[in-house]
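Each remark here refers to the structure printed beneath this line.
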There are 2 protein chains.
Amino acid sequence: MKIALDVMGGDHAPNHNLMGAKLALEEITGLEKLYLVGNEDIVRTGLQGLGLADPRIEIVPSTQVIDMVDASADALRKKKDSSITVAIDLVKQGLAQGVFSPGHTGASVAVATLRLGRLHKVERPGIASPLPNEHGICNLVDAGANPEAKALHLVQYAIMGSVYAHAVQGVERPVVGLMSIGEEDEKGTDLTREVFSRLRATDLNFKGNVEGHHLFETPLHVVVCDGFVGNVVLKSCEATAKAMMKWIRHEIEAGGIRTKLGALMAKPAFVNVKKRGSYESYGGSPLLGTKGIVIIGHGSSSPEAIKNGLRMCAAAIQKEVNPHIEEAMARYFP
Amino acid sequence: MKIALDVMGGDHAPNHNLMGAKLALEEITGLEKLYLVGNEDIVRTGLQGLGLADPRIEIVPSTQVIDMVDASADALRKKKDSSITVAIDLVKQGLAQGVFSPGHTGASVAVATLRLGRLHKVERPGIASPLPNEHGICNLVDAGANPEAKALHLVQYAIMGSVYAHAVQGVERPVVGLMSIGEEDEKGTDLTREVFSRLRATDLNFKGNVEGHHLFETPLHVVVCDGFVGNVVLKSCEATAKAMMKWIRHEIEAGGIRTKLGALMAKPAFVNVKKRGSYESYGGSPLLGTKGIVIIGHGSSSPEAIKNGLRMCAAAIQKEVNPHIEEAMARYFP
């Protein structure tokens, strides 16, 4: 398969991106071509620094970068030669099947939606963010692509999320939940109540309303919500986990010698917990519903996260998630 | 001051409620009267079991209980003699100045709003949930009273939250944030953008848009959002903290003898972190905007949490939060 990497996006670009590319070339089987999109000199120098020369690499020059302060639309208007726009255009041109960027999420969503276009019948693409559930992965859709979503969009997120969980994550019959404020059927807002009745009328494995604790404790593969709620939930969960780890560190530092020694001895347990809660092991979140595979990475992606984002991209291509989504959309919206 | 306690509400009623009442009578200064509202036999038997006889106690009988499966409106129609309705009516009658219930949140909000009425100019009461921020307490308003809020409601939450943080929590000039999906001014939805421009036009100490991590790390005293978002955020943060603690426990159990021994030695640090993240130390969340003080407790309140909820109620009465809110509302909405 052929994948494009936005080398300039993310807090640690281009270094982490190139280190991640190196790992990906070593580990991902079936990777025929890796387009490295970015400032040509910077990419070339970075590759030399890493001693990385691989015939599967092709540098695709771009002269601009979308910064975090830029508006999403800038990637379409003022910065048409930005690395993310050029990388996505490789997919549009059919040179790559998928793209991975740990850069500006809004820009990735805007460029992918407008330049690649939406799969047939898809109203709005949605970001599926993987959460570490006890029973596997819980995909939160939408995690921020569509902050003012309508009922139909959420229904489509349930369908696309289920297809993704089945095709890529191998879940036989994905369990779908609707994020709400109370588990009882009638709880929620006008929006969630409409989505509830529409989902109940489908043959999806719809569990009903869910709340925070279900994300982590209940067998649940897809949770749908509008992009505002999803983004806020995702960031709040991440912030809570970070705060907890920080408090534990503080309490250990403030503790006696006994506490400090104990913590040192128990360190492997903390390392494992941190790993478990980290986005690093997933690498990214697929944007579902665009023509071509688009994986969005965390801004602070490590080389390992970059590699895993590229791996996620490879899996989505290999498992043909888009043909499966098109098939499902044709069935649900004939 | 005179306070009513809903003895029948909550997962551990009436036991924890009565044990909490005992602690409150021992510890809260200025408590002249504590109305214990619930099934008379059950309350009497419970008091005997605790050996609790205090002249400040008055049992107020009620024959019904709002269960978690009941609709909020049931407390107003089918179950008019429920403990929460009777307790709130004591405030309406002027016999108590405040009420605390760890029971059905929706019922408390509905009964308080309709039977006590709203303070002058308040459109919709909102729940202010305290979050453990590094620099003090961050009050998240609204945490679930008003899931389909309009811009004006959020502006009023900013005002009432600021008054509460100043009058009760002693914050000189409370910093207010608006929950959004990105820190930049223009980020968010039509709703948040309207709230943003209205808050900017006030003399409140408005910081702008905030995200998950600000809740815990940034000096911030009030964060406003609609009740759907607030409730989902609150429950998701709580769920994340719980999941983290569970994972740590699992990893320690799965670890070697060295890890287990270390964890045992470092235990005091964990206990402190758990305490810090727990609602128990706050006891409850005030419902801001109703005539009379209403504090809503967590369903699984411990006796300590019940005591602290009553303490929160006492403080809101003592610090005259409602007269202060009325004054502020008159100033902002002349």
Review point. Counting pairs of alpha carbon atoms under 8 Å apart in space and at least six apart in sequence, what relative contact order in percent does the stretch A:179-334 give?
Key: 12
Check your understanding: Long-range amide H contacts for A:Gly208: which residues qualify at under 5 Å (H placed 1.01 Å from N, peptide plane, sequence gap of 5 or more or a different chain)?
Key -> A:Leu178
Exercise for review: Once you've got the GNM for chain A with C-alpha springs shorter than 10 Å, pick whichever of A:Val60, A:Val37, A:Val223 has the biggest mean-square fluctuation.
Suggested key: A:Val60
**Study point:** Table column - 3J(HN,Hα) (Hz), the stretch B:236-253, Karplus curve with 6.51, -1.76, 1.60, x for Gly and Pro
**Key:** 5, 5, 4, 5, 5, 4, 5, 4, 4, 4, 5, 5, 4, 4, 4, 5, 5, 5
Point to revise | Accessible carbon and sulfur surface of chain B relative to its total accessible area, %, 1.4 Å | key: 52
Check your understanding: Of A:Pro303, A:Pro174, A:Pro147, which is the most mobile in a GNM of chain A whose springs link Cα atoms less than 10 angstrom apart?
Key -> A:Pro147
Check your understanding: So what's the gap between the Cα centers of the stretch A:292-327 and the stretch A:205-280, to the nearest angstrom?
Key -> 23
Check your understanding: Tally Lys and Arg at +1 and Asp and Glu at -1 over the other residues with C-beta under 9 Å from the C-beta of A:Asp226: what net charge comes out?
Key -> -1
Check your understanding: What is the gain in length, in nm to one decimal, between B:Arg198 and B:Ala53 on full extension, counting 0.36 nm per residue of separation less the C-alpha to C-alpha distance?
Key -> 46.9 nm
Revision key, fill the gap. Per 20 angstrom bin, beginning at 0 and ending with the bin that holds the maximum distance, the Cα pairs of chain B fall in percents of 32, 54, 14, 0
**Study point:** Accessible surface, per residue, of the stretch A:1-136 when the full set of protein chains is kept, probe 1.4 Å, Å²
**Key:** 43
Point to revise | Segment A:Met68-A:Lys121, extension gain: residue separation times 0.36 nm, minus the distance between their alpha carbons | key: 15.9 nm
Check your understanding: Say we join alpha carbon atoms closer than 10 Å with springs in a Gaussian network model of chain B; which of B:Met244, B:Met179, B:Met68 then has the biggest fluctuation?
Key -> B:Met244
Review point. Rounded if a/c is under 1.5, else prolate if a/b beats b/c, else oblate: with a ≥ b ≥ c from the C-alpha gyration tensor eigenvalues square-rooted, which is the stretch A:30-121?
Key: oblate
Practice item. Evaluate E = 1/(1 + (r/R0)^6) for B:Lys78 and B:Glu27, where r is the Cβ-Cβ distance and R0 equals 41 Å; express this FRET efficiency to the nearest 0.05. Key: 0.65
Practice item. Go through B:Ile3, B:Val69, B:Asn17 and say which Cα lies farthest out towards the positive end of the charge dipole of the stretch B:1-74; charges sit on Cβ, +1 for Lys and Arg, -1 for Asp and Glu. Key: B:Ile3
**Study point:** 5 Å-binned pair-distance histogram of the stretch A:65-110 (Cα, whole percent)
**Key:** 5, 25, 35, 21, 10, 2, 0
Check your understanding: How big is the stretch A:181-334 by Rg and Dmax over its Cα atoms, in Å?
Key -> 20.1, 68
Exercise for review: Quick one: work out the % antiparallel among DSSP beta bridges in the protein assembly as shown, nearest 5.
Suggested key: 30
Check your understanding: So, in Å, what gap is there between the alpha-carbon centers of the stretch A:1-61 and the stretch A:87-152?
Key -> 22
Study note, to complete from the structure: Relative contact order as a percentage, the stretch A:1-55, C-alpha pairs under 8 Å and 6+ apart, gives 46
Review point. Kirkwood hydrodynamic radius of the stretch A:240-326 from all distinct Cα pairs, in Å?
Key: 15.5
Point to revise | DSSP-defined antiparallel bridges as percent of all bridges, chain B, nearest 5 | key: 30
Study note, to complete from the structure: Sparse-neighbourhood loop hits (GluC sites (Glu not before Pro), the stretch B:2-108; DSSP loop; Cβ within 10 Å at most 14 others) -> B:Glu32
Exercise for review: For peptide B:252-265, compute the average count of partner chain beta-carbon atoms within 10 Å of each residue's beta-carbon.
Suggested key: 5
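The values are calculated or read from the model by the stated rules, or taken from the named source; none is laboratory data. All values derive from a computational prediction rather than experimental measurement. Quick reminder, even Gly has a Cβ in these numbers, built from the backbone with ideal geometry, and neighbours come from all protein chains shown. Heads up: the accessible areas ignore ligands, DNA and RNA and are worked out on the full protein's heavy atoms, side chains in. Shrake-Rupley method; radii C 1.70, N 1.55, O 1.52, S 1.80 Å.
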